[in-house]
Amino acid sequence: MSDFSASEAGLGYLYQARYGLWLLLDGDEEQELVLESLDDIVLGLGGSPRDVLQTKHHVRQQARLTDTSPDLWKTLRVWSTHALADRITFPTTRLTLITTATAPDGSIAARLRPDNQRDWSVAEQRLLNVATSSANKELKACFEAFMALSQNQQRALLEATYIIDRSPGVSDTGDRIRTRIRAAAAREHREAIFERLEGWWFGKVIEQLSAPAPIPISGFEVYDKLTAIAEQFRPDALPIDFLDEKPDSVDALGDNRMFVQQLRIIELSQTRIEKAIIDYYRAFEQRSRWAREDLLVGGEVEAYERRLVDEWERFAAAVTEELPKGAHESYLKKVGRDIFTWMEFKTDVRIRPSVTEPYVMRGSYHMLANKPQPSVWWHPSFIQHLAAVLGVGGDR
């Protein structure tokens, strides 16, 4: 039973967050959203709440919102407490209970739906009857909170109260969001865009909930982010997902992969080797995700790598063609560092014209340098010493 309760509670939090994203996508761009303030979700403008929403998600499809339902009365308790303390005012604030449960025909909740059966005055009388006659001890505090309101306050609260039952669950709300963003990009990219938008959104939610004073998230922010993500799926672009990611460990001294061995041979500093390891990780993960999401056309990576190798061959030939015979090892290492510095800071070979993030190119060069038979190298004489290090490095 506890496992069920935990999973239902977890889905409830996900539902609240996902529903908030859908509300911003479905509403005016200027509206602002805060979670866990006056209630689960608060929509407003300039710090003034206009919509206060409570969300209730149920795993059981047969869940019912009856006249003595805890979901109904606990929600009314929260709103009654806020009304009594003047934290919400009527008629400027609308109160909405969003629930996946079903309100039986003729019930209090059914009388508060936003349809032609709505009759808040009937709901008021039924609520008063329940509050004054029920022996339910669990709901006693809820009854008392509602009864603490004056008659005018009760009526104002109920006039502002709307109950939307049989609301789409957490999965179906995701489908709603997918439908809403369908105009942002081609059909084959919508799932990838949805995943990135929701990933960003949950990050914003965590940031808001962790802040001492929550900063509202606006509809403008959501639409701007959606536009920015969609832009990355143009034919001349690709999404960048690993800009701030790092591997679990970065060990410039103990990492024995081929591309790291190459950097130690030219005596690159530990800091630069660590940066190279991070670039390799980001490029490897990025290219893997592009492949999983079918964002690359046939042979695109192979063609890109041939361009990388060609650029490296041209520059390496230019800086090594006048190497003196019998050049000292320290000089060869310096030339190797010069070639590496050219790659790291001076060249710009893009897999697509609008993919400007440097880790894609840098990491791809490291992947070429990491092959058992490397396609690029930095030390001018590295290939002559290859047999000494073969078998030490790995693909990853």
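Among what's in the stretch 236-250 and is more than 16 Å from the chain's Cα centre (by Cα) and touching a residue at least 24 places away in the same chain (Cβ under 8 Å), pick the residue that is surrounded by the most Cβ atoms within 10 Å (Cβ to Cβ). Top of the filtered list is LEU238. Listed conditions (1) at pLDDT 95 or above; (2) of a type in the set (D, E, K, R); (3) in the same structural domain as VAL78 (by TED's automatic domain parsing) are all met by ASP105, apart from (1).
Looking only at the stretch 299-355, filter to residues that are small (Gly, Ala, Ser) and outside any loop (DSSP other than H, G, I, E, B); which one of those is farthest from HIS379 (Cα to Cα)? Of everything passing the filter in the stretch 299-355, ALA303 is farthest from HIS379 (Cα to Cα).
Identification of helices (runs of 4 or more DSSP H) wholly contained in the stretch 162-232 with 2 or more residues that are loosely packed, with under 13 Cβ neighbours inside 10 Å and not assigned by TED's automatic domain parsing to the domain that holds LEU43 yields 190-210, 219-231. Residues that are in contact (Cβ under 8 Å) with a residue 24 or more places away in the chain and crowded, with 18+ Cβ neighbours inside 10 Å were ranked within the stretch 262-273; the one that is nearest to PRO374 (Cα to Cα) is GLN262.
Considering LEU43, LEU24, LEU33, LEU65, the condition of being assigned by TED's automatic domain parsing to the domain that holds THR93, crowded, with 19+ Cβ neighbours inside 10 Å, closer than 30 Å to SER134 by Cα and at pLDDT 95 or above is satisfied by LEU65 alone.
Among residues of the stretch 71-96 that are within 22 Å of LEU139 (Cβ to Cβ), those with a Cβ under 9 angstrom from a residue that is charged (D, E, K, R) and in a loop (DSSP other than H, G, I, E, B), sequence gap 6+ or separate chain, pair up as THR75/ASP39; VAL78/ASP39; TRP79/ASP39; THR81/ARG87; HIS82/ASP39; LEU95/ASP39. For the stretch 378-388, does any single residue satisfy the condition of being over 16 Å from ARG264 (Cα atoms), modelled with pLDDT of 95 or more and surrounded by fewer than 20 Cβ atoms within 10 Å (Cβ to Cβ)? No, the stretch 378-388 contains no residue that is over 16 Å from ARG264 (Cα atoms), modelled with pLDDT of 95 or more and surrounded by fewer than 20 Cβ atoms within 10 Å (Cβ to Cβ).
Determine, yes or no, whether VAL360 is over 22 Å from ILE266 (Cα atoms) and either part of a helix (DSSP H, G or I) or in contact with a helix residue (DSSP H, G or I) (Cβ under 9 Å, 6 or more places away or on another chain) (or both). Against the criterion (over 22 Å from ILE266 (Cα atoms) and either part of a helix (DSSP H, G or I) or in contact with a helix residue (DSSP H, G or I) (Cβ under 9 Å, 6 or more places away or on another chain) (or both)), VAL360 qualifies. Does at least one position in the stretch 275-292 carry a residue that is assigned to a loop (DSSP other than H, G, I, E, B), in contact with a Phe, Trp or Tyr (Cβ under 7 Å, 6 or more places away or on another chain) and either of a type in the set (S, T, N, Q) or over 30 Å from ARG180 (Cα atoms) (or both)? Within the stretch 275-292, none of the residues are assigned to a loop (DSSP other than H, G, I, E, B), in contact with a Phe, Trp or Tyr (Cβ under 7 Å, 6 or more places away or on another chain) and either of a type in the set (S, T, N, Q) or over 30 Å from ARG180 (Cα atoms) (or both).
Can SER354 be described as under 41 Å from the mean Cα position of the chain (by Cα) and either among the hydroxyl-bearing types (Ser, Thr, Tyr) or at pLDDT below 95 (or both)? Let's see the steps before the verdict.
Numbers: under 41 Å from the mean Cα position of the chain (by Cα): yes; either among the hydroxyl-bearing types (Ser, Thr, Tyr) or at pLDDT below 95 (or both): yes.
Answer is yes for this residue.
In the set (1) touching a residue at least 60 places away in the same chain (Cβ under 8 Å); (2) touching a helix residue (DSSP H, G or I) at 6+ places or on another chain (Cβ under 9 Å), the condition left unmet by THR102 is number (2). Of all residues in the stretch 177-223, none satisfies the criterion of being in contact with a Phe, Trp or Tyr (Cβ under 6 Å, 6 or more places away or on another chain) and among the polar types (S, T, N, Q).
Residues checked against (1) β-branched (Val, Ile, Thr); (2) within 26 Å of ALA327 (Cα to Cα):
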{"site": "THR356", "(1), (2)": "yes, no"}
{"site": "TYR359", "(1), (2)": "no, no"}
{"site": "LEU368", "(1), (2)": "no, no"}
{"site": "PRO374", "(1), (2)": "no, yes"}
{"site": "TRP377", "(1), (2)": "no, yes"}
{"site": "SER381", "(1), (2)": "no, yes"}
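Note on the stretch 127-161: residues that are closer than 20 Å to THR99 by Cα and in a helix (DSSP H, G or I) amount to 6. Scanning the stretch 307-318 for residues that are exposed (fewer than 12 other Cβ atoms within 10 Å of the Cβ) and of a type in the set (D, E, K, R), we see that the one that is nearest to SER375 (Cα to Cα) is ASP310.
The criterion of at least 3 residues that are touching a Phe, Trp or Tyr at 6+ places or on another chain (Cβ under 7 Å) is met by the following strands (runs of 3 or more DSSP E) wholly inside the stretch 1-107: 94-99.
The values are calculated or read from the model by the stated rules, or taken from the named source; none is laboratory data. Just so it is clear, the model here is predicted, and its values are computed rather than measured. Using ideal geometry, Cβ is built from the backbone for each residue, glycine included, and neighbour counts are taken over all protein chains shown.
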